[in-house]
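The values are calculated or read from the model by the stated rules, or taken from the named source; none is laboratory data. Just so we're clear, the structure is a prediction, and the values are computed from it rather than from any experiment. FYI the Cβ positions are ideal-geometry reconstructions off the backbone, even for glycines, and counts take in every protein chain you see.
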Amino acid sequence: SNLANARTTRTPEGGPYLRRLPVVAAETLEGKSFGEMLDNSVRAVRVKGVITDSRPPVMRYEPGHPDANEQGYVAYPNVDPVEEIVDMLSAVRSYEANVNVVKIIGKMNEAAMRISR
């Protein structure tokens, strides 16, 4: 929704849209044996919360804009489309890397089973 609101200058809370960032966390493996970790190698990632970016809005001089202040400046969201796309690409790459790890672990388990026969 950050990209969708990149030009939203007025929100119900007042002021421009502020960039939101999800806080995610994976299930912890503390206190589990190695076997339990292998048996449960696929974990869920859960959204723990959403934080608001603390960077100030971008001020642009547009005196004719309905949301302009007395000096003619409009507060635009602190959303950088390039940063958002880079974050999305990073998430995709991380996901792909994790999928490959799970596949490799599966192949290693299969090889170990063949060896043990």
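Tell me, please, whether a residue that is among the basic types (K, R), within 30 Å of R7 (Cβ to Cβ) and out of contact with any strand residue (DSSP E or B) (no Cβ under 6 Å at 6 or more places or on another chain) can be found in the range 53-63.
For the range 53-63, residues among the basic types (K, R), within 30 Å of R7 (Cβ to Cβ) and out of contact with any strand residue (DSSP E or B) (no Cβ under 6 Å at 6 or more places or on another chain): present.
For the structure I just gave you, tell me whether R114 is farther than 30 Å from G15 by Cα and of a type outside the set (S, T, Y).
Yes; evaluated as a whole, the condition is true for this residue.
Taking the options V86, V79, V92, name whichever one is part of a loop (DSSP other than H, G, I, E, B), under 22 Å from the mean Cα position of the chain (by Cα) and under 20 Å from L21 (Cα atoms).
Working: V86 fails: part of a loop (DSSP other than H, G, I, E, B); V92 fails: part of a loop (DSSP other than H, G, I, E, B).
Selected residue: V79, the only one of V86, V79, V92 that is part of a loop (DSSP other than H, G, I, E, B), under 22 Å from the mean Cα position of the chain (by Cα) and under 20 Å from L21 (Cα atoms).
With the checklist (1) under 20 Å from L18 (Cβ atoms); (2) of a type in the set (D, E, K, R); (3) modelled with pLDDT under 90 in hand, flag the one item E62 doesn't pass.
Unmet condition: (3).
State all residues of the range 1-41 that are modelled with pLDDT under 70, part of a loop (DSSP other than H, G, I, E, B), exposed (fewer than 10 other Cβ atoms within 10 Å of the Cβ) and not hydroxyl-bearing (S, T, Y); if no residue qualifies, say none.
Selection gives E30, G31.
Before we move on, is E110 under 24 Å from L3 (Cβ atoms) and either touching a residue at least 12 places away in the same chain (Cβ under 8 Å) or part of a helix (DSSP H, G or I) (or both)?
Working: under 24 Å from L3 (Cβ atoms): no; either touching a residue at least 12 places away in the same chain (Cβ under 8 Å) or part of a helix (DSSP H, G or I) (or both): yes.
No; evaluated as a whole, the condition is false for this residue.
Is there any pair linking a residue in the range 83-99 that is in contact (Cβ under 8 Å) with a residue 24 or more places away in the chain to one that is not in a helix (DSSP H, G or I), with Cβ under 7 Å and at least six apart or on different chains, and which?
E84/N2; E84/L3
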